[in-house]
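Structure, as C-alpha cells:
The values are calculated or read from the model by the stated rules, or taken from the named source; none is laboratory data. Here the structure is a predicted model, which is why all the values come from computation and not from measurement. Glycine gets a Cβ as well: all are built from the backbone with ideal geometry, and neighbour counts include every protein chain shown.
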Amino acid sequence: MTIWEVVDLRPALLAWYDANARDLPWRVRPQQHAAGLRADPYRVWLSEVMLQQTTVPHATPYFLKFLARWPTVSDLANAPDADVMGAWAGLGYYARARNLLACARAVANDHGGVFPDTEEGLRALPGLGPYTAAAVAAIAFDRPANVVDGNVERVMARLFAVEPPLPDAKPELKRLAGALVRDDRPGDWAQALMDLGATICRPKQPLCDRCPVAAHCAALAAGAPETYPRRTAKAERPHRYGVAYVLTRGDEVALVRRPPKGLLGGMLALPTSEWRADRWGEAEALSAAPADAPWRGVGEVEHGFTHFTLTLQLLRAEGDARDVIWSPRRDLDALPSVFLKAARAGLTNLL
C-alpha cells in the first residue's frame, strides 16, 4: 500500500467509525471525544482485560457489575482477593483476575490511584502486557500507540493479503498496523480498526460490500478475503480425566479453594482428584475422596480449556468433612464454569 493509499484509507475508515461506532459502556463515542470528553482510563483498562479471550456480549455484564461494585481503581485495589475472584467466575482465564488485582493495587499504592498516561508507564505496571498498555495509552490518553488485537490482525492480513500463516505472521501484521498509526485521533483510529474487524471484516462471511476501505483490500481484489489470515493446522488438544466430588450437608455443598498458582488458581471449586491422561478406576477415585461417605456415581461432564479437554466423573454423597468450605447451593453460581457445570450435574442427576 502506497503512502497515497494510506492518505485515502485513514479518512475513509475514521468517517465510517464516526457514523457506525459501537455503543459500548466503557467507550466515549467519537462525537463526544471530538467535543473534548476523554475516556476513563479505569474503564478502558478494565474492559480491555475482560475482553481478552472473551466476547463483548459475554464481558459486558461482568464489566457493569464490577463497575457498580468497585467504581474506581482504588475501590478495586482495596477489595479482598476472594471477592474479586468470585465476581470474575464465569469469565475464564483466571490469571487475568489475579493480574487485575496486582495492577489495581500498584496504581492505587504507587501512583495515587491515577493511571500512568504513557505506554511506557503503563507497561511498567504489574500484570499489564504490551497489548493492554497500547490500548489504554491510545484510547484513554490519545497516545499514538499501535493497538493490535485479533480483529486488527484480521484486517491487516486481508488489506495486505499476508500469505504467511498465523501465528508466524504476527510480527508482520503488527508492523503493517503500526505503519498506519498517526498522531491524529489515535484512540479513535484504534477503536475504528477494532470495530471494522468485529462488525464488517468478520472471520466468516465478511461484509465486503459495506467495508469503507474495500477499495484498498488486496485479499478482496484476489477474490477470497475469507481465506485470510492464513492459519496453520491446530494440534489436537490432549484429553485428561478427573473425579469431582459433590458432597452435601443439607442445603450446603462442600467446596475447597484451589492453590493460588496454576489453573483456576485461588478460585473456589469442588474437591477433585488429580487430572491425568488415564480414566480413574472406582477404587482409586474413592481413595481420593475428601470424606469417608457413601459415594455413588452420578454421571460425568465434559469441559474444554485452551490447552486440553477434560472429563470429570461425578461422585455424590451426603455427609460431613473437615478442611472444606460449606457453601449454600444458591451461591454456586460464583464457581468457575467447569465446577458449576459439575455441581449442577451432580445435584440434578441425584433427583
Looking at D278, D320, D331, which is the one that is closer than 20 Å to L91 by Cβ and of a type in the set (D, E, K, R)? D331
Here are some residues: A15, A68, A19. Which one is at pLDDT 95 or above, in a helix (DSSP H, G or I), touching a Pro at 6+ places or on another chain (Cβ under 8 Å) and not basic (K, R)? A15
Those residues of the range 33-48 which are under 18 Å from V136 (Cβ atoms) and out of contact with any Cys (no Cβ under 8 Å at 6 or more places or on another chain), in sequence order: H33, L37, R38, A39, D40, P41, Y42, R43, V44, L46, S47, E48
State whether one or more residues within the range 226-237 are crowded, with 19+ Cβ neighbours inside 10 Å and not in a strand (DSSP E or B). yes
Look through the range 308-334, keep the residues that are over 16 Å from T248 (Cα atoms) and among the hydrophobic types (A, V, I, L, M, F, W, C), and return whichever of them is surrounded by the fewest Cβ atoms within 10 Å (Cβ to Cβ). F308
Condition check: more than 23 Å from P41 (Cβ to Cβ), buried (at least 20 other Cβ atoms within 10 Å of the Cβ), outside the structural domain of G304 (by TED's automatic domain parsing) and aliphatic (A, V, I, L, M). Does A219 satisfy that? yes
Inspect all residues belonging to the range 80-94 and state whether any of them is closer than 30 Å to L176 by Cα, in contact (Cβ under 8 Å) with a residue 40 or more places away in the chain and either crowded, with 18+ Cβ neighbours inside 10 Å or assigned by TED's automatic domain parsing to the domain that holds A133 (or both). yes
Top-ranked residue of the range 15-67 - restricted to ones that are among the small types (G, A, S) and within 30 Å of T306 (Cα to Cα), ranked as surrounded by the fewest Cβ atoms within 10 Å (Cβ to Cβ): A59
